[in-house]
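Quick notes on the structure that follows.
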Amino acid sequence: MTRSPLSILFGALLFGGVFATPIVDAFIDSESSTVVTMDCGPTLGDLTATSVRIACRRAEPGEIVIGLADASGTPIRRCVLACPAETDNAGILEIVDLKPATRYLYTVDGASNDSWWFETRPVPDDACRIVFGSCADEKAGSSTVWRRIEADDPSALVLLGDTPYIDTTDLTRQRSRYRAFARVPAFADLVGHTPLYSTWDDHDFGRNDTDGNLKGKENSRRAVTEHRPNPSFGEAGEGIYTSFRQGPVEIFLLDARWFARTEGEANDPTLLGRRQWAWLERSLAASTAPFRILACGMVFNGSVRPLKTDCWGAYPREYDRLVDLIGRVGDEGVVLVSGDVHWSRVIRHDTGDRLDHDLMEFVTSPIHEKLIAAANPPHRGLVFSVGEINSFLVVDAAVEGGTARMSLRIRNASGEDLHTTRFERSLADP
């Protein structure tokens, strides 16, 4: 028998701050046969020029073997993913030392699928197509969106929350809902080769319109870290905020639930929390991307349906702090993206006196079929508004010569662009 060493990073992810998968060297018998035991997945996650994350789940505790091949199907390496009972028989594998701009095929326990492939990011990385969406279920309507996104050939999919709907912090229920969502065929096909990034909103955090005082939120965090292969999940076992970059765009995925109203005074509560604010300031200051998208499930404005308190407008000092932060370490390349409200809107924020330009917000919701007409109240900066079921947002960005260009399109499952906004920046800009 032939044996070959494979240096594989097994995630090193903290699940709920308790369970971790160590870095190991894997030795797999190249002549052995395997039996497919995967119960859920694979879900492609964070993808860079030299690495990829893949999430899978077994029907029972054990190991999953993921084989990697080049575009012709020639095997390159075989990797072991531990899926212990402590993490719901799920695991996240990180494979490193890949070649940039290279297409790879992969197998799971010896089985192959036309959707199981990925292409590492190029160097330099000059273009991307990133899709954003929120509020999805396992019904046929959401599947029409997954198929349309598949046809649009994105470089990444970002879910902004209520994906799935869970409405409890019970750990067993949390885990089962992530599994059911991941098993939808159209979604599974899409994320088999399209990297998935995600944050949560209220219904996957635990309950409608809730904040960080929700009892059992640790279970919600544990479930999402077991099943979604993000680059990272907050810091020190708190929150799930993260960031990634493709092309000329860096995405900052904020967590507007975990810390909400857990710090500060009753009349001046926090939304992001001290730790996340510090991370955001450091990350924005370090970013070299011409465009930066700040994204979360919660809308960044206060024009919402009556009695709704989970929006940035209900945290006025936090909103002011965000604008001040953008003024210090951001620039006119910052755009806001949100979801949650079951209505799609484009809003121009009146920040010209503080930033020398108005911030633009793009609200994209829902992927499913439920609209809420009350979520379309007047706003003096309203640029566009539509109640469109099965809709999503497409961000295209590219560097051409000395100019970076970005467009944002609100799009439906029929392939119709309902609204487009374009941005352009000279790379000579400070």
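The values are calculated or read from the model by the stated rules, or taken from the named source; none is laboratory data. This is a predicted model, so every value here is computed, not measured. Glycine gets a Cβ as well: all are built from the backbone with ideal geometry, and neighbour counts include every protein chain shown.
Data overview
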| quantity | calculated |
| --- | --- |
| Asp429, sole failed condition from (1) at pLDDT 95 or above; (2) outside any helix (DSSP H, G or I) | (1) |
| Complete set of residues in the stretch 71-101 that are in contact with a Leu (Cβ under 6 Å, 6 or more places away or on another chain) and of a type in the set (A, V, I, L, M) | Ile76, Leu81, Ile92, Leu93, Val96 |
| Residue within the stretch 329-339 that is of a type in the set (Ser, Thr, Tyr) and out of contact with any Phe, Trp or Tyr (no Cβ under 8 Å at 6 or more places or on another chain) present | no |
| Single unsatisfied condition, Gly247 versus (1) touching a Cys at 6+ places or on another chain (Cβ under 6 Å); (2) under 21 Å from Asn89 (Cα atoms) | (2) |
| Flag if Ser142 is buried (at least 21 other Cβ atoms within 10 Å of the Cβ) and of a type in the set (S, T, N, Q) | yes |
| Matching entry among Asp340, Asp356 (being crowded, with 20+ Cβ neighbours inside 10 Å and assigned by TED's automatic domain parsing to the domain that holds Gln246) | Asp340 |
| Yes/no for Ala289 being crowded, with 23+ Cβ neighbours inside 10 Å and in contact with a strand residue (DSSP E or B) (Cβ under 8 Å, 6 or more places away or on another chain) | no |
| Lone qualifier among Asp97, Asp125 - being closer than 23 Å to Val249 by Cα and either part of a loop (DSSP other than H, G, I, E, B) or not assigned by TED's automatic domain parsing to the domain that holds Gly402 (or both) | Asp125 |
| Every residue from the stretch 243-261 that is among the basic types (Lys, Arg), more than 18 Å from Gly339 (Cβ to Cβ) and in a loop (DSSP other than H, G, I, E, B) | Arg261 |
| Residue in the stretch 100-122 that is surrounded by the fewest Cβ atoms within 10 Å (Cβ to Cβ), counting only those that are β-branched (Val, Ile, Thr) and in a loop (DSSP other than H, G, I, E, B) | Thr102 |
| Pick from the stretch 292-318, criterion part of a loop (DSSP other than H, G, I, E, B) and free of Cβ contacts under 8 Å to residues at least 40 places away in the same chain, ranking: surrounded by the most Cβ atoms within 10 Å (Cβ to Cβ) | Cys311 |
| Residues (crowded, with 21+ Cβ neighbours inside 10 Å and within 23 Å of the chain's Cα centre (by Cα)) located in the stretch 360-387 | Glu361, Phe362, Val363, Thr364, Ser365, Pro366, Ile367, His368 |
| Strands (runs of 3 or more DSSP E) wholly inside the stretch 322-406 containing at least 3 residues that are in contact with a Cys (Cβ under 8 Å, 6 or more places away or on another chain) | 391-400 |
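The rows are residues; the columns are (1) under 20 Å from Phe259 (Cα atoms); (2) modelled with pLDDT of 95 or more; (3) surrounded by 24 or more Cβ atoms within 10 Å (Cβ to Cβ).
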position	(1), (2), (3)
Thr168	yes, yes, no
Ala180	no, yes, no
Pro185	no, yes, no
Phe205	yes, yes, yes
